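Working notes, structure below.
The values are calculated or read from the model by the stated rules, or taken from the named source; none is laboratory data. Since the structure is predicted, the reported quantities are computational estimates derived from the model, not experimental observations. Cβ placement follows ideal geometry from the backbone for every residue including glycine, while neighbour counts extend to all protein chains displayed. In case anyone asks, the SASA skips ligands and DNA or RNA and just uses the protein heavy atoms, side chains included. Shrake-Rupley method; radii C 1.70, N 1.55, O 1.52, S 1.80 Å.
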Amino acid sequence: MTLTKRIIPCLDVKNGRVVKGLNFESIKDAGDPVELAKKYSNEGADELVFLDITASDEQRKTLKDLVQKVASVIDIPFTVGGGVKSLEDARNILLNGADKVGINTGAIKNPKVITELMELFGRQCVVIAVDAKRNYNIDDLKNIFIENDKKFWFEVFIYGGKEGTGIDVIQWVKDAEKLGAGEILLTSIDKDGTKDGYDILLTKNVVDSVTIPVIASGGCGKPDDMIEVFKESNVDAALAASIFHYETHGVNGVKSYLKNKGIPVRL
């Protein structure tokens, strides 16, 4: 029995609205999170990911209310991330209706929070979000890749893609799995919002480094991009935002297209 591949719309939320950017920068409005969540759930999305990209302290209450509202209109698994620093932040998100919690900066700053979360809620609730970017300053202690005759390694970025950490992505996903992560949400900053396809090299190498599920994110512009990432890497799920938000492709249409091309999906 082949495991079906999951198709996951992503809602980046800023000040209570869904937005979309390019390489994590210029932002435009894409709609109401509760309406979009309901629409995607009804259209056959396998899961939803909801990232609060403002995620400053004054947004906490807004986020809590929003999570409750979204949870009340959908019946599919639902991950929430953005600004999760502590066990208490995660607990609030899960108690307000999310099935999983996504954590990036908080886990880099305090890796043992991954283990604490796993022990409290179970591994299946712990999603480590990894924002990855090519770094061309060669450091022999890193996992080095070559593409188009250029050498580079993949660096983990935090604070919504604003700050490099000097940490190697491949090493970090292995460490995160050992610490108790149940899933990796892998976003390519280089590809984010470009709509010219996922970062296959990055995705394949992360998938091959861990035994837990990996979600590919960043760069999806059309259903063929999903086919490519599923065929070229053994990734478990593909996440997209742009192609769903602006009515270019409905979730169901995308899944039917994938199925016709031989990708196992749940219709």
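Taking Cα centre as origin and charging only the Cβ of basic (Lys, Arg, +1) and acidic (Asp, Glu, -1) residues, the dipole magnitude of the chain rounds to 380 debye.
Report, in deg cm²/dmol and to the nearest 500, the calculated mean residue ellipticity at 222 nm for the chain, where each DSSP H run with n ≥ 4 adds -39500 (n - 2.57) and the sum is divided by the residue count. All intermediate terms of the calculation are to be shown ahead of the outcome.
Working: 10 runs with 92 residues, N = 267.
Rounded to the nearest 500, it is -10000 deg cm²/dmol.
Checking the table 38/64; 85/195; 5/112; 69/222; 69/231; 38/109 against a 25 Å threshold on Cα-Cα, which pairs fail?
85/195; 5/112; 69/222; 69/231; 38/109
If you look at the Cα atoms of the chain, you get an Rg and a Dmax of 17.2, 51 Å. The residues of the chain have, on average, 45 Å² of accessible surface per residue, using a 1.4 Å probe with all protein chains present. In terms of the mean number of neighbouring beta-carbon atoms within 10 Å, the peptides 204-211, 43-50 order highest first as 43-50, 204-211. Roughly speaking, what is the centre-to-centre gap between the stretch 81-125 and the stretch 135-186 when only Cα atoms are used, to the nearest Å? Here the answer is 21 Å between Cα centres. Highest mean packing first, where packing is the average number of other Cβ atoms within 10 Å per residue, the peptides 227-235, 6-14 line up as 6-14, 227-235.
Coupling constants for the stretch 159-176 follow from the phi torsions by the Karplus curve (6.51 cos²θ - 1.76 cosθ + 1.60, θ = phi - 60°), and in residue order they are 6, x, x, 8, 10, x, 10, x, 9, 6, 4, 4, 5, 5, 5, 5, 5, 4 Hz; glycine and proline get x. With contacts defined as alpha carbon pairs under 8 Å and 6 or more residues apart, what's the relative contact order of the chain in percent? The value is 19 percent.
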